[in-house]
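Read through the structure below, which is laid out as structure tokens, and then see the notes.
The values are calculated or read from the model by the stated rules, or taken from the named source; none is laboratory data. Keep in mind it's a predicted model, so treat the numbers as computed, not measured. Cβ coordinates were reconstructed from backbone atoms using ideal geometry, including for glycine residues, and neighbour counts include every protein chain displayed. Quick note on the areas: whole protein, heavy atoms, side chains included, nothing else; ligands and nucleic acids left out. Shrake-Rupley method; radii C 1.70, N 1.55, O 1.52, S 1.80 Å.
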Amino acid sequence: MREKWQRQMPLMPEIASHIQAQELEAISGILDSKPIITEFVLQDLCKRRRVVSRAGAKGMSAEQVLRAAVVMRLHELTYQDLAFHLVDSQSIRRFCRIGIADKGFKKSVLNKNIKALSDQTWEAINLEVLGYAKQNKIEKGRVARIDCTVVESNIHAPSDSSLLYDCVRVLSRLQQRVRDLGLGRFGYHDHRRVAKRRMVKIQYARSKNERRGAYVDLLKYTAKSLASARRAIERLKTVGADNLTALGLFFELERYVALTEKVIAQTQRRVIKGEKVPASEKLVSIFEEHTDIIVKDRRDTFFGHKICLTGGRSNLILDCQIVEGNPADVTLTQTMLDRQEKIYGRCPLKVALDGGFASKANLKAAKDKGIKDVCFAKKRGLDPEKMCRSPYVYRRLRRFRAGIEAGISWLKRSLGLDRCIWKGWRSFQSYVWASIVSANLLTIARKQLA
């Protein structure tokens, strides 16, 4: 039966005389002061269990899952590394409430439990952490700074040729698994080798005509793999729902067949017909199909998702919005201010924003909300005296805004927010929020230890 926390505290090692161990102990005190956080985690862990059984192993408690997730993000660990440190490190075992006589947890158990936490749960945890910071007079939310950045998906640099090869490779592998079920022959042939040769030929083509001819061949072999995959789907339909393995292969093949059709269509439009495919219609990965194309400052192209962050005077991340698509920053200003009003029950007195958020409409909307000083890093035709009470306040807020750049850099360098290594759109959102919550806990702990 799943438990919220241990009925009796196990015997644990003493606190090590090291700064990292002291930081973990301070974070532990923050989590202990907010027991509702563990309640949020327990709800996610028990969401899929309709019948509560009192038999069998108890598994990880909700408290252990939360603390293991925080350790994982603080130290940028993989699940395998986390499983090792839960056995090897005394300070981490103490933080995760694992006793001296207790064993650790396998990486599969850690994966299943940590991935069960949704982004809504992490956001709710962050609100409780901000409440703790407000009670202890660490962050009041009266001054805010807003900026956007990009978190990349865990994919290779996309190209039409590599996407077509990925489609052939995945469809061939799945069809091989269908044949291993003993369902007979269905006209399947493995085109992976020839598809890889055509992909390499495209990459090293010396002329446009040579590249186009290789693309025609690669499209032909991809279409053949697609046709045989459709035949495999028809063969799987005859098995029925009794064979769970066949049913899983059926849904997986259907998914990748639809993605392959989209890749073939966009390649034909761009390479064969010479059309310009809009970024919103492009598929850049068949494994992380939620990935957006983010063009920043018309010079850098990223493949992931834009996130909009609100920071406070204490360097805490007060809010985060994960955006789908690539909307302009100017369209996000009022949304971020409304979210601040929802979090603290009132808008901040002073707000500093990046130049991309600047517009007369956004300035008027912020003033109508009662914000006294609104500073855009780039004026864009706006008068500083209309934004702030004086040029001195404008300069102060402009320098204050630059601090969030350091915070974003720290999140990317130290907490893995530069690239999400979790798979899927739901896990992408959870990964971002888990990193933010862990960063806020560490920031508060360091302020208390200072």
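A few comments on the model shown:
- Full extension of the chain between Arg413 and Ser162 yields a length gain of 87.5 nm, computed as 0.36 nm times the residue separation minus the alpha carbon distance.
- Helix-derived mean residue ellipticity, 222 nm - over the chain, DSSP H n ≥ 4, -39500 (n - 2.57), to 500: -17000 deg cm²/dmol
- Once both labels are positioned 7 Å from their Cα atoms along Cα-to-Cβ, the gap between Arg395 and Glu281 label points is 5.2 nm.
- Karplus 3J(HN,Hα) series, Hz, for the stretch 349-363 with 6.51 cos²θ - 1.76 cosθ + 1.60 (x for Gly, Pro): 6, 10, 9, 10, 10, 5, x, x, 8, 6, 6, 5, 5, 5, 5
- Highest-MSF residue in the chain out of Ala62, Ala101, Ala214 [GNM, Cα springs under 10 Å]: Ala101
- Relative contact order for the stretch 102-242, counting Cα pairs under 8 Å that sit 6 or more residues apart, in percent: 24 percent
- Qualifying trypsin sites (Lys or Arg not before Pro) for the stretch 149-193 [loop in DSSP, other Cβ within 10 Å: at most 15]: Arg185
- Using only alpha carbons, the stretch 293-356 has a radius of gyration to Kirkwood radius ratio (Rg to Rh) of 0.99.
- Surface per residue (accessible, 1.4 Å probe) for the chain, Å²: 51 Å²
- Debye, to nearest 20: dipole size of the stretch 81-185, +1 on Lys, Arg Cβ, -1 on Asp, Glu Cβ: 420 debye
- Calculated FRET value between Lys360 and Ala205, using beta carbons and R₀ = 35 Å, to 0.05: 0.10
- Heavy-atom accessible surface of the stretch 316-394: percent carbon and sulfur, 1.4 Å: 49 percent
- Listed by chain and number, the lysines placed with their C-alpha closer than 19 angstrom to that of Lys447 are Lys34, Lys134, Lys137, Lys140; residues fewer than eight positions away on the same chain are left out.
- Debye intensity ratio in log₁₀ form over the Cα atoms of the chain, taken at each q of 0.06, 0.08, 0.11 Å⁻¹: -0.35, -0.62, -1.02
- Lysines with Cα under 21 Å of Lys208, excluding same-chain neighbours fewer than 8 positions away: Lys196, Lys220, Lys273, Lys276
- Using θ = phi - 60° in the Karplus curve 6.51 cos²θ - 1.76 cosθ + 1.60, the 3J(HN,Hα) couplings for the stretch 267-278 round to 5, 4, 5, 7, 8, 7, 8, x, 7, 9, 7, x Hz; x is entered for Gly and Pro.
- Translational diffusion coefficient (Stokes-Einstein; Kirkwood radius from C-alpha pairs) of the stretch 21-178 at 25 °C, 0.890 mPa s, in µm²/s: 130 µm²/s
- Residue-wise HN-Hα coupling along the stretch 205-220, computed from phi with Karplus coefficients 6.51, -1.76, 1.60 (Hz; x: Gly, Pro): 5, 8, 9, 5, 5, 5, 5, 5, x, 5, 5, 4, 5, 5, 5, 5
- Evaluating kT/(6 pi eta Rh) at 25 °C and 0.890 mPa s, with the Kirkwood radius of the stretch 206-354 over Cα pairs in the Stokes-Einstein relation, gives 124 µm² s⁻¹.
- Hits among aspartates and glutamates - C-alpha to C-alpha of Lys112 under 17 Å, sequence gap 8 or more where chains match: Glu3, Asp44, Glu63, Asp81
- Distance from the C-alpha centroid of the stretch 16-40 to that of the stretch 356-422: 32 Å, rounded to the whole angstrom.
- Percent accessible area from carbon and sulfur atoms, the stretch 78-210, protein chains only, probe 1.4 Å: 47 percent
- When the Gaussian network model of the chain links Cα atoms closer than 10 Å, the mean-square fluctuations of Asn440, Asn136, Asn326 top out at Asn136.
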